Amino acid sequence: MSAFDDLMAFQRQTEALAQVAGRLGWDQETVMPEGSAGQRAEEIGALEGVLHARRTDPRIAEWLDKAKAPDAVGEAQLRQIRRMHKRMSKVPAKLAEEIATTMSLAQGVWAECRAKEDVAGFLPTLRKVVGLKRAEAEALAEGGDPYDALVDDYEPGMTGAEMAAMFDAMRPRLVALRERVLGAAAPKGLVGSFDRAGQEAISRELATVFGYDWSRGRIDMAVHPFSSGSGHDVRITTRVSETDPFNCFYSTIHEVGHAAYEQGINPAYALTPIGQGVSMGVHESQSRSYENQLGRSRAFTGWLFTRMREVFGEFGIADAEGFYKAVNRVHPGYIRTEADEVHYNLHVMLRFDLERALIKGKLEVSGLEDAWNTRFRADFGVAVDRPSNGMLQDVHWSCGLFGYFPTYTLGNVYAGCLVKAMRADLPGLDGRVAKGDLSEATGWLRDKLQRHGGLYEPRDVVRRACRFEPSEGPLLDYLEAKFGGIYGV
Ligand code: ZN
């Protein structure tokens, strides 16, 4: 066995254990009994300890010194292992374990406080989380920008300053579009109740239509939809609201986008360092392409309108054109995950500025609620009415996911680029999509991007797929054309 082979064999077991850790997380969010939370935190902490020990194993440095990659794929494997090893070596084992245990418990505290609208009850926990993440960020940054060090976990190669520049470029056009749209008459929404069984049936059909491989996946219910796993076990969750079937349908399509990426990666990469989505931004570009650019297109909503009429009967919308407008209704709500395409990125920008200030120590946890509410009023024109509609709405900060939010908007930006390139390559696309045939579109994404996994750097894989330099331009052009058309502005 060469050093490279030894390293890859060792890595394969680490990746397998990481998948097990992920499945414990999936279980916690779907079927775990309520009384098991304390024990589960300990189980996850123990497994994270094992993973940390493996990822910082001194043999890795020795193998990396001697390893010679046999080909370009091997080079990419070594690059990923080096990156991960360097990162893990910088964080003391005790801190890593404390973070894992704290985050697992903090999530439960957050859920309880959110249900009770209890900001004061959550603050001590959040203070602890922020303190630990600041310590981790400083260990990782080694004198550099601590927020950049956290962003690098989710979007390798990207910095907070680059994100800020991108947001600055987007903001004026988004705000102007928002003003034009809100000044016009709003289209009609759905009326009536949509039974659970019907929603679940259409949700499963949507997963199939968008190419979800059921032989290597399953759908369950969760409070917050997510996808989990990679390789040959990629599971998704969705949720049902009887008055709002779009919540279920578009959550499903979104998570299928994430899952299709993982399922679409070259099977030869399974349980290796490049056998998963290359970054959160690229991941989100897949879910957003599926959900918005394709799923909320005029072509696809025509098909969905027909299916919904077959399953639910009348629901107050006369035709496919009205249905397309209902799907894409713009309204300034409080909740990010329910936001339309015009408002969504404004929600992200608010969180980005606040969390960046928190990690850099320019904002303290005690001032967070005030800062959130002031900013929300300025950006959205309404006052936050309760904490679950404000700073308690997202799970991310309780899990220590600082640096994650901006990747949602980066995903939208990449989706704008990818679908622009896809449409140039596939001129007859809308005709097929209108018949509920997404195979050409999902096949294009699989071939151009998904199958590569972590073979290329995040921005590079998007650039290769598009054959142009990614920027926010295509997304903004798409939003202005789409919502300008719907609202006649
Ligand atoms: Zn997503």
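The values are calculated or read from the model by the stated rules, or taken from the named source; none is laboratory data. The structure presented is a predicted model; accordingly, all values stated were derived computationally and were not measured. Cβ placement follows ideal geometry from the backbone for every residue including glycine, while neighbour counts extend to all protein chains displayed. The area values use the complete protein model at the heavy-atom level, side chains included, leaving out ligands, DNA and RNA. Shrake-Rupley method; radii C 1.70, N 1.55, O 1.52, S 1.80 Å.
Measuring nothing but protein heavy atoms, the accessible surface of the stretch 3-144 at 1.4 Å probe radius is 54 percent carbon and sulfur.
Pairwise Cα distances in the stretch 3-144 exceed 20 Å for 58 percent of all pairs.
Is there a pair in LYS133/LYS420; LYS448/LYS482; LYS325/LYS420 whose C-alpha atoms are over 27 Å apart, and which pairs would that be?
On the way: LYS133/LYS420 38 Å; LYS448/LYS482 25 Å; LYS325/LYS420 22 Å.
Listed pairs above 27 Å: LYS133/LYS420.
Calculated accessible area for the chain comes out at 40 Å² per residue, all protein chains present (probe 1.4 Å; ligands, DNA, RNA ignored). Classify the stretch 160-487: rounded, prolate or oblate, from the alpha-carbon gyration tensor (a ≥ b ≥ c, eigenvalue square roots; a/c under 1.5 rounded; otherwise prolate if a/b is larger than b/c)? Rounded shape, in that the Cα axes give a/c under 1.5. Helix content alone sets the calculated 222 nm mean residue ellipticity of the chain: runs of n ≥ 4 DSSP H residues at -39500 (n - 2.57) each, divided across all residues, give -20500 deg cm²/dmol.
Tally Lys/Arg at +1 and Asp/Glu at -1 over every other residue whose Cβ is under 11 Å from the Cβ of ALA139; what's the total? Walk me through the numbers on the way to the answer.
Details: positive: ARG87, LYS90, LYS133, ARG134; negative: GLU136, GLU138, GLU142.
Summing Lys/Arg as +1 and Asp/Glu as -1 gives +1.
Got a number for carbon plus sulfur as a percent of the stretch 160-487's accessible area, 1.4 Å probe? On the stretch 160-487, the fraction of accessible area on carbon and sulfur atoms equals 51 percent. Heavy-atom accessible surface of TYR456, to the nearest 10 Å², is about 50 Å², with a 1.4 Å probe and all protein chains retained.
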